[in-house]
Amino acid sequence: IVESLSWMSPATITWIALPIGILGGVSVYLAPQDNFGASMLLGGGLLITLAMALDGLDGPVARATGRVTRWGDYLDHTFDRLLDAVWIICISASVFVDDIVLGLAAAWFTLLGSYMGTQAQSVGLGRNYGGFSRSDRLVTTFVGIAIAAIMAFNGSPDIELPSTVSDLIGFGAINPLSAVLLISLVGGIWTFLTRAMSSRRQLLDGE
């Protein structure tokens, strides 16, 4: 695959991934809770996966063709963070979840966890990849979208929780997309703490 894309500029691959990823998020956001919406969810999930695949290829193409640049690395990481936020917010604003506060919280901690990895580099450490990685989020998101689509096809987009559980947590139903947001939120918090403690340990050991 890398060889077949070697004629393209790595930055071009990065730019192509951006609108594909945004379109995938918008498709999830606009999907209604019916059979057509299930098709839109699957389409959105596939577009998000394609965007992630292209994102994973721009670096290898750059290295294989000797076109590694700092601008390319900067652009890649910038678009990564942009798409991360778009996907989470689109899922939270969709009719399947309709909880923008949860989406903003999940997006905030996702971006904060990613920031801790790049901040480690800015103080002379290696890139910190500990915690809930971007590839983990991709798998979680795609599986959640696929299950949500299947449930929408079957006419049951939500899973009703037992009354004892709903009374405890404050809501009575959950679906795969809201689960994706909760996992992203918890994963972002865990990533932030894991990378912060790892960087602190390395910095103090080096003093």
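Here V26 meets the list (1) more than 20 Å from I147 (Cα to Cα); (2) outside any loop (DSSP other than H, G, I, E, B); (3) open to solvent by 40 Å² or more (accessible area, probe 1.4 Å) almost entirely, failing just condition (1). Of all the numbered requirements in (1) over 24 Å from E3 (Cβ atoms); (2) at pLDDT 90 or above, M116 misses one, and that requirement is (2).
Just one of the listed residues (R63, R70, R127, R137) is touching a residue at least 24 places away in the same chain (Cβ under 8 Å) and on the phi < 0 side of the Ramachandran plot, namely R137. Within the group A51, A38, A64, A85, which residue is open to solvent by less than 10 Å² (accessible area, probe 1.4 Å), more than 19 Å from I174 (Cα to Cα) and among the small types (G, A, S)? Of A51, A38, A64, A85, the one residue that is open to solvent by less than 10 Å² (accessible area, probe 1.4 Å), more than 19 Å from I174 (Cα to Cα) and among the small types (G, A, S) is A51.
Would you check if there is a residue in region 96-110 being β-branched (V, I, T), within 21 Å of A17 (Cβ to Cβ), out of contact with any Lys or Arg (no Cβ under 9 Å at 6 or more places or on another chain) and in contact (Cβ under 8 Å) with a residue 40 or more places away in the chain? No, because not a single residue in region 96-110 is β-branched (V, I, T), within 21 Å of A17 (Cβ to Cβ), out of contact with any Lys or Arg (no Cβ under 9 Å at 6 or more places or on another chain) and in contact (Cβ under 8 Å) with a residue 40 or more places away in the chain.
The values are calculated or read from the model by the stated rules, or taken from the named source; none is laboratory data. Keep in mind it's a predicted model, so treat the numbers as computed, not measured. Cβ atoms come from the backbone with ideal geometry, glycine included; neighbour counts cover every protein chain shown. Remember, those area values only see protein heavy atoms, side chains included, never the ligands or the DNA or RNA. Shrake-Rupley method; radii C 1.70, N 1.55, O 1.52, S 1.80 Å.
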